[in-house]
Amino acid sequence: MTDVATPVPGTRALVLGGGGVAGIAWEVGVLSALQDAGVDLDAADLVVGTSAGSVVGAFVRNGAVQQAYDQQHTPAPTTYVEPPAIDTDAVQQRIGAALEGATGEQDARARLGLAAQQVTDGQTDDERVATFAETLPSTEWPVKPLAITAVDATDGTFRLLTAADGVPLPRAVAASCSVPFVWSPVGIEGRPYVDGGVRSGTNADAAAGHERVLVIACGPEGPSPVGPWLDVAVESLRAGGSSVEVVVADSTAQEAFGTNSLSLATQAPSAEAGRTQGTAVAEQIAAFWADDLVSVDA
């Protein structure tokens, strides 16, 4: 787990989790409602994006949340090729086989990465990078801090990619969105990388060192051998002195996600579910995020 740093007074972090095409839509729905309630999430000192959250984080940092929300209802032309519906049971079996004998979290991630490298069908990584280049509001890294999670598919190393790394933004996002057993890994600096969600659906502990942390999660996370799941990360952050609020997709959102969260058909219903849920929690989040907040109970 990322070392828990002493929170810097007054600092805030926004953590955006993974969830596929549906997750992108739900998150921008939530954020658009919060934005309308006066919550300036781009004021965060750090935005951490995992998989779908890496896409949403780029929109946040470009002041384009409303644009992203509108696109869920009137999608722009895209070269995205929707993958076949995932056979959940088959994937779970492959994951179980890959993790057999793992000696720790990083080794477990490395084993999943090795198995993911066997996927060679579907769009190439260059094609997926091109798709993200046309999807994102800008192909340049934003000025304000944005950290995108990814996992080295060779040795299981967890990375937070930032502008300082020199990796093109669309490639960093494509790597973070490279779901094992669905797409092949994405090359970065000559090494294959897979979805940051291989470690955690949110990687919330990456926000350590910030006084207030808001986590937007597309679903609950259970105990995992590959990294700190959400409850563990939140507990660690709070133990370190951070105040944490978590918004997890509710049952209406989960229904909107359907059985294939990578389907474009999930965009509009998931965005609307997010908008409704965001409206419901807006007052609470606005109070938590307020500039003049003196203290918040953890």
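The values are calculated or read from the model by the stated rules, or taken from the named source; none is laboratory data. In this text the structure is predicted, and so the values were computed from the model without any measurement. Cβ sites come from the backbone with ideal geometry, for glycine too, and all protein chains shown count toward neighbours. With ligands, DNA and RNA removed, areas are computed over all heavy atoms of the protein, side chains included. Shrake-Rupley method; radii C 1.70, N 1.55, O 1.52, S 1.80 Å.
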* Structure fact -> Around residue 266 (Cβ within 15 Å, Cβ-to-Cβ, excluding residue 266; K/R +1, D/E -1) the net charge comes to -3
* To do: Would you please give the residues with an amide H less than 5 Å from that of residue 246, counting only those at least 5 places away or on a separate chain, with H modeled from the backbone geometry?
  => 215
* To do: Mind telling me which of 18, 57, 222 comes out most flexible in a GNM of the chain, alpha-carbon contacts under 10 Å?
  => 222
* To do: Could you tally the net charge around residue 95, taking each other residue with its Cβ under 15 Å from the Cβ of residue 95, Lys/Arg +1 and Asp/Glu -1?
  => -3
* Given the peptides 194-202, 265-273, 125-133, arrange them by the average over their residues of other C-beta atoms within 10 Å, most packed first. => 194-202, 265-273, 125-133
* Net charge over other residues, Cβ less than 14 angstrom from the Cβ of residue 253 (K, R count +1; D, E count -1) -> -3
* **Portion, in percent, of the accessible area of the chain that falls on carbon or sulfur, probe 1.4 Å** => 52 percent
* Asked: Taking only protein heavy atoms and a 1.4 Å probe, what accessible area per residue, in Å², does the chain have with all protein chains in place?
  -> 41 Å²
* Given only helices, namely DSSP H runs of n ≥ 4 each adding -39500 (n - 2.57), what is the per-residue ellipticity at 222 nm of the chain, to the nearest 500 deg cm²/dmol? -> -12500 deg cm²/dmol
* Taking H as built 1.01 Å from N, whose amide H comes closer than 5 Å to the amide H of residue 11, not counting residues under 5 places away? -> 211, 212
* Cα Rg, Dmax (largest Cα-Cα span) when computed across the chain, Å -> 17.7, 53
* Cβ-Cβ FRET estimate between residue 284 and residue 88, R0 fixed at 35 Å, reported to 0.05 -> 0.60
* Quick one: grab the alpha carbon gyration tensor of region 165-298, order the square roots of its eigenvalues as a ≥ b ≥ c, and give me rounded if a/c is under 1.5, else prolate or oblate depending on whether a/b is larger than b/c. => oblate
